[in-house]
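Readers should treat all values here as calculations from the given coordinates under stated rules, not as data from a laboratory. All figures in this text were calculated on a predicted structure; none of them were measured in a lab. Glycine also receives a Cβ, built like all others from the backbone with ideal geometry; neighbour counts cover every protein chain displayed.
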Amino acid sequence: MTKAKRNNLAIYDDVADQWWSDNIRWVRTLKALVPGRLAWFNRHVDWAGQDVLDLGCAGGFMAEALAGLGARVTGIDPAARAIEAARSHAAASGLDITYNVGVGEALPYPDQSFDIVVCVDVLEHVADLDKVLVEIERTLRPGGVFLYDTINRNFVSSFVAVTMAEDVLRMLPKGTHDPKLFIPPKHLAASLAKSGLTPGPTKGLGPRGLTRRGDFTFGPLPSTAIIYMGIARKD
């Protein structure tokens, strides 16, 4: 039996034509994470009138939510078909969102382009974390804010995010994550500081309930052992 490729980023293009259909459970899970993240992010920023980059936007769930809060949103992702799905849905919804195909290690934007950079479910997938953080710092304006979430690296997070979520519950496709790329909070804080960003508080993120369809709902949690959200600022 062939083992699943780890950190398989092709999954986002593979389902691009059904991204907004609500027919695929794991895509619905990604959509359900957005309000859970915003429940904490909204405590730290006012989105209205801000230039915001959604780094790793996939098909546009977070980008559209931020546009709905009054932000001027740009989304970027390496998954070209997912970007097309995002563009199409934004246009059909009457939302003015700019979408680009690209990677976090080489953002195609001038210095100091954004007030806020959001990067969710992305840092544990990138090829070079330090380069991505340097690019985020470069494209943020002075006083700008970086908001993120990622997966902690420990036995519990590997068991939950890979064994349970991929192999048992099938909440994610097999091969979505490579636990070797998970990031301990202390490691990320050091990388943020090295890039010129000042790390701030962190908060856990995880399941808070179930819908009638049997899907999880999400929100902030005290524990950062599995998924954790965080904030950093550019002086």
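Couple of notes before you dig in:
- Over the chain, DSSP H runs of length four or greater, each weighted -39,500 (n - 2.57), average out per residue to a 222 nm ellipticity of -8500 deg cm²/dmol.
- Label point at ALA225 placed 7 Å out along Cα→Cβ; residues across the stretch 138-179 whose backbone nitrogen lies under 12 Å: 154-160
- Net charge of Cβ neighbours under 10 Å - reference LEU55; Lys, Arg +1; Asp, Glu -1: -3
- Student exercise, the stretch 117-235 dipole from Lys, Arg, Asp, Glu Cβ charges, in Debye to nearest 20: 260
- Largest to smallest principal axis extent of the C-alpha atoms in the stretch 104-235, angstrom: 44, 26, 26
- Fraction of beta bridges assigned by DSSP in the chain that are antiparallel (%, nearest 5): 55
- Relative contact order (%) - criterion: Cα under 8 Å, at least six apart; region: the chain: 22
- A Cβ-based charge dipole, computed about the Cα centre of the stretch 10-234 with Lys and Arg at +1 and Asp and Glu at -1, lands at about 740 debye.
- Cα gyration tensor shape for the stretch 10-234, rounded if a/c is under 1.5, else prolate or oblate: rounded
- Spacing of the modelled spin labels on THR217 and LYS180, each 7 Å from Cα toward Cβ, amounts to 4.0 nm.
- With the charge dipole of the chain set up from +1 on Lys and Arg Cβ and -1 on Asp and Glu Cβ about the Cα centre, the Cα lying farthest toward the positive end among the listed residues VAL156, LEU188, ALA232 is that of VAL156.
- Selection from ALA92, ALA106, ILE116, by position along the positive dipole direction of the stretch 10-234 (Cβ): ILE116
- Label-to-label distance, ALA39 versus LYS194, with points set 7 angstrom from Cα along the beta-carbon direction: 3.4 nm.
- Normalised by the number of residues in the stretch 1-119, the mean separation of alpha-carbon contacts (under 8 Å, six or more apart) gives a relative contact order of 28 percent.
- Neighbourhood charge, 14 Å Cβ-Cβ cut-off, centred on ALA80 and excluding it, Lys, Arg +1 and Asp, Glu -1: -3
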